[in-house]
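Okay, structure first, notes after.
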Amino acid sequence: MKNNNKTLKSGSSGSGAARGLPPKSTKLTESESRDDPKTLRAKPQFFYPPGGILIWMIIVVELLTFTAGLGAYAWQRSLSPEAFSISQSTLNITAGFINTLVLLSSGFFIAEAVYLLKKGRVRSSLHRIAISISLGIAFLFIKGSEYSDKLSHGYDLTHDSFFTFYWLLTGFHFLHVLTGVVILSVLAVKIHKGIYNHDNYLDVETGAAFWHLCDLIWLMLYPALYLIK
Amino acid sequence: MTKEYRITWAALVILAIASYSMSGRSDEELFVAMLSATTVVKMSLVVLVFMEMKKAHPAWLLILGGIMLLFATLMLLFSA
């Protein structure tokens, strides 16, 4: 981190050369220009969404998977609405609501973290990521308490159709949040070490996109499982 | 930009509170429609603002919008 700062300061006040970029006067070749994410970001191109195409392919597949799962859940519920309603009434709607606020706030902080990193405000960016990680852990804790409560009352995966869907859908999402917390922690360490900065932030954008995916999935799960009866 | 994020976050919180307050009456078809609509709006805000997709290629917006509409349709279809 210190070495990087020295390198930046020793250059001509943060010039392109000091940051590993070609001098402004040097024209990029066609292939160089094509491969530069910043050049590609100028015009919206299908293959270069924020965070890279790979994460967006994952996001689309994941959203489709959860939509299919929730569609199957809604179809099953339409076949035996009373049985589903009885099981659904055991869920803690307020805990789900708090978890919604927790994830939305976490998403807000990670969006700010990416923005601040792009602006070169590494310290502020790290603070936001730390808050996001803390909120992610809070989500896991609240959901874990809910799981513990359900298990203590015998509402496990095999209890009935509703709880089979509940455990599969929320359990899969729980694993996503857990993975997201690990990804954000790794990104925070690498930002702290100076590996990611205002010139090299694509991986941070990708990690943030994965974290927002957790938001999106929960935004679908909460009304479908907890609210619509 | 951070101001835009804050406004979006506030809007998301208000929509989440609105959804939560609808929970008691969600057995009615109209409220299922309203819940689905607020869910689509919340997801759109996250995608467009937090994930910065408003400047992305329109095909991405079509794909993501299609998934959100599919979700809302399924919820409405099987709760009717």
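Quick note: the coordinates plus some simple rules give every number you see, no bench work behind them. These figures come from a predicted structure and were not determined experimentally. Neighbour counts are summed over all protein chains in view; Cβ atoms, including those assigned to glycine, are modelled from backbone coordinates with ideal geometry.
Available extension along the chain between A:Asp199 and A:Asp156 is 10.6 nm, counting 0.36 nm per residue and deducting the alpha carbon span. Against chain B, whose longest principal axis is taken from its Cα atoms, helix B:2-21 shows a tilt of about 10°. Taking amide H atoms as placed 1.01 Å from N in the peptide plane, the amide H of A:Tyr196 lies under 5 Å from those of A:Ile191, each 5 or more residues away in sequence or on another chain. Within the shell defined by Cβ-Cβ distances under 11 Å, the residues around A:Phe210 carry a net charge of -4, with Lys and Arg each +1 and Asp and Glu each -1.
Per-residue shielding of A:77-86, expressed as the average number of other chain Cβ atoms within 10 Å of the residue Cβ, stands at 1. The mean count of C-beta atoms from other chains within 10 Å of the C-beta of residues in B:65-74, rounded to a whole number, is 5. As a ratio to 2.2 N^0.38 Å, the alpha-carbon radius of gyration computed for chain B takes the value 1.20.
Count, for each residue of A:92-105, the Cβ atoms from other chains sitting within 10 Å of its Cβ, then give me the mean as a whole number.
Rounded to a whole number, the mean comes out at 3.
Counting other Cβ atoms within 10 Å as a rough exposure proxy, the listed residues A:Arg121, B:Arg6 run B:Arg6, A:Arg121 from fewest neighbours to most. With respect to chain B, whose longest principal axis is taken over its alpha-carbon atoms, helix B:29-45 is tilted by about 10°.
Computed from backbone phi, the HN-Hα couplings of the range A:115-128 come to 4, 5, 5, 4, 7, x, 8, 4, 4, 4, 4, 4, 4, 5 Hz, rounded to whole numbers (Karplus: 6.51 cos²θ - 1.76 cosθ + 1.60, θ = phi - 60°; Gly and Pro given as x).
Under 19 Å from a point 7 Å along the Cα-to-Cβ line of A:Ser124: which residues of the range B:37-80 have their amide N that close? Backbone N within reach: B:50-52.
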